[in-house]
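The values are calculated or read from the model by the stated rules, or taken from the named source; none is laboratory data. It should be emphasised that the depicted structure is a prediction, and the values quoted were computed from it without experimental measurement. Using ideal geometry, Cβ is built from the backbone for each residue, glycine included, and neighbour counts are taken over all protein chains shown. All accessible areas refer to the heavy atoms of the entire protein, side chains included, with ligands and DNA or RNA removed. Shrake-Rupley method; radii C 1.70, N 1.55, O 1.52, S 1.80 Å.
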Amino acid sequence: MIGNAKSIIEWLYDQDREKIFEVKEKKQKRSLDSNSYLWVLITNIAEVVRASKEEIYIQELEKYGQSLLIPVLKGEKPNGYFKYYKYHSTRYINEKEVDYYIVYKGSSEMDQREMSILIDGVVSDCKELGIPTLEDKRLEEMIKNWGV
């Protein structure tokens, strides 16, 4: 069932008391056009600079993506928790040595604003390399529809 809090509560009130339900916030589906376009651009950059798509994707996330700095006990790595990360530094917290990592949000987890920043940056990099991109108007429409 999809509805506001009041309608869901009213519906739940009439249900079998023994059943278990899961309630979660409904989020708008994202536009696959934006993510597909991002990967087209990344593929084009990879071909021009002769690198893998994954390498370019990570470079673009590092330049234009969303990130956090997290502490991890010395000798541990954040893999398994985060897909994209990079070592930053080693420090001490409460007399324990910890490694700090920068962790990056993947494009599939980004909201419209975050995706807009990423695509704008990748488009800029493409233009610097002489790689053709979509017209600005078409790009704006695609980013606007990211959350739709």
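At a glance:
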item	result
Residues of segment 36-55 satisfying the condition of being among the small types (Gly, Ala, Ser), over 15 Å from the mean Cα position of the chain (by Cα) and either farther than 17 Å from Gly130 by Cα or part of a helix (DSSP H, G or I) (or both)	Ala46, Ser52
Yes/no for Ile8 being under 30 Å from Arg138 (Cα atoms) and surrounded by 12 or more Cβ atoms within 10 Å (Cβ to Cβ)	no
Answer residue from segment 64-78, given it is part of a loop (DSSP other than H, G, I, E, B) and open to solvent by less than 60 Å² (accessible area, probe 1.4 Å) and is nearest to Leu118 (Cα to Cα) among those	Gly65
Subset of segment 125-148 (residues that are modelled with pLDDT of 90 or more and either open to solvent by less than 10 Å² (accessible area, probe 1.4 Å) or under 15 Å from Leu61 (Cβ atoms) (or both))	Asp125, Cys126
Meets criteria (open to solvent by 90 Å² or more (accessible area, probe 1.4 Å) and over 30 Å from Cys126 (Cα atoms)) for Glu25	yes
Residue satisfying condition, being in contact with a strand residue (DSSP E or B) (Cβ under 7 Å, 6 or more places away or on another chain), modelled with pLDDT of 95 or more and hydrophobic (A, V, I, L, M, F, W, C), within set Ile102, Ile93	Ile102
Filtered residues of segment 79-101 (kept if aromatic (Phe, Trp, Tyr), open to solvent by 50 Å² or more (accessible area, probe 1.4 Å) and out of contact with any Pro (no Cβ under 6 Å at 6 or more places or on another chain))	Tyr81, Phe82, Tyr87, Tyr92
Filter pass, Glu109 being free of Cβ contacts under 8 Å to residues at least 12 places away in the same chain and exposed (fewer than 11 other Cβ atoms within 10 Å of the Cβ)	no
Any chance Ile119 is touching a helix residue (DSSP H, G or I) at 6+ places or on another chain (Cβ under 7 Å) and either farther than 20 Å from Ile42 by Cβ or among the aliphatic types (A, V, I, L, M) (or both)	yes
